[in-house]
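Visitor: What follows is a structure written as structure tokens; I'll ask about it next.
The values are calculated or read from the model by the stated rules, or taken from the named source; none is laboratory data. Not measured: the values here are computed from a predicted model. Cβ: placed from backbone, ideal geometry, glycine included. Neighbour counts: every protein chain shown.
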Amino acid sequence: MLLQLAVFVREIIETKPKLRVSIMTRLLDTCYQIRAAQICSCALWVIGEYCLSLSEVESAIATIKQCLGELPFYSISEEAEATDASKKTP
């Protein structure tokens, strides 16, 4: 259901240029709520395709960074734990 909504938003943004700015603003405002991978990929495609001005691109990058969190996504201790766990399994 939500994927259909994301595809619908993508279709509207493609066919209604006058609504692009307001749709992009709302998409970026609600980006942090997206948890499903397919919906996230659709939203990222829309953001990448239709952020046209420098201010839109900067806003999109800032929003995506804020949603993802600080880099790296894992700590060195987590990586070491994963390596140790994989060595223990036969």
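Visitor: Would you mind telling me which numbered condition in (1) at pLDDT below 90; (2) surrounded by 10 or more Cβ atoms within 10 Å (Cβ to Cβ); (3) of a type in the set (Ser, Thr, Tyr); (4) not in a loop (DSSP other than H, G, I, E, B) Thr63 fails?
Guide: Against the list (1) at pLDDT below 90; (2) surrounded by 10 or more Cβ atoms within 10 Å (Cβ to Cβ); (3) of a type in the set (Ser, Thr, Tyr); (4) not in a loop (DSSP other than H, G, I, E, B), Thr63 comes up short only on (1).
Visitor: Oh, and also: Is segment 22-33 home to any residue that is in a helix (DSSP H, G or I) and more than 18 Å from Ala60 (Cα to Cα)? Please lay out each step first, then the result.
Guide: Applying the first criterion (in a helix (DSSP H, G or I)) to segment 22-33 yields 22-33.
Going one step further and asking which of them are more than 18 Å from Ala60 (Cα to Cα), we end up with none.
Checked segment 22-33: no residue is in a helix (DSSP H, G or I) and more than 18 Å from Ala60 (Cα to Cα).
Visitor: So, in segment 11-25, how many residues would count as being surrounded by 12 or more Cβ atoms within 10 Å (Cβ to Cβ) and either among the small types (Gly, Ala, Ser) or under 18 Å from Ile64 (Cα atoms) (or both)?
Guide: 4
Visitor: Still on this structure, please answer the following. Being in a helix (DSSP H, G or I) and more than 13 Å from the chain's Cα centre (by Cα) is the filter; apply it to segment 45-56 and report the residue that is nearest to Arg10 (Cα to Cα). Quick ask: steps written out before the conclusion?
Guide: Restricting attention to segment 45-56, the residues satisfying the condition of being in a helix (DSSP H, G or I) are 45-50, 54-56.
Filter once more, so that each one left must be more than 13 Å from the chain's Cα centre (by Cα): 50, 54-56.
Working: Tyr50: 10, Leu54: 21, Ser55: 21, Glu56: 17 Å.
Checked segment 45-56; the qualifying residue nearest to Arg10 (Cα to Cα) is Tyr50.
Visitor: For segment 36-44, does any single residue satisfy the condition of being out of contact with any strand residue (DSSP E or B) (no Cβ under 8 Å at 6 or more places or on another chain), modelled with pLDDT under 90 and not in a helix (DSSP H, G or I)?
Guide: Yes; the residues of segment 36-44 include at least one that is out of contact with any strand residue (DSSP E or B) (no Cβ under 8 Å at 6 or more places or on another chain), modelled with pLDDT under 90 and not in a helix (DSSP H, G or I).
Visitor: Please go through segment 26-52 and pick out each residue that is surrounded by fewer than 12 Cβ atoms within 10 Å (Cβ to Cβ) and within 14 Å of Cys67 (Cβ to Cβ).
Guide: Across segment 26-52, the qualifying residues are Asp29, Thr30, Gln33, Arg35, Ala37.
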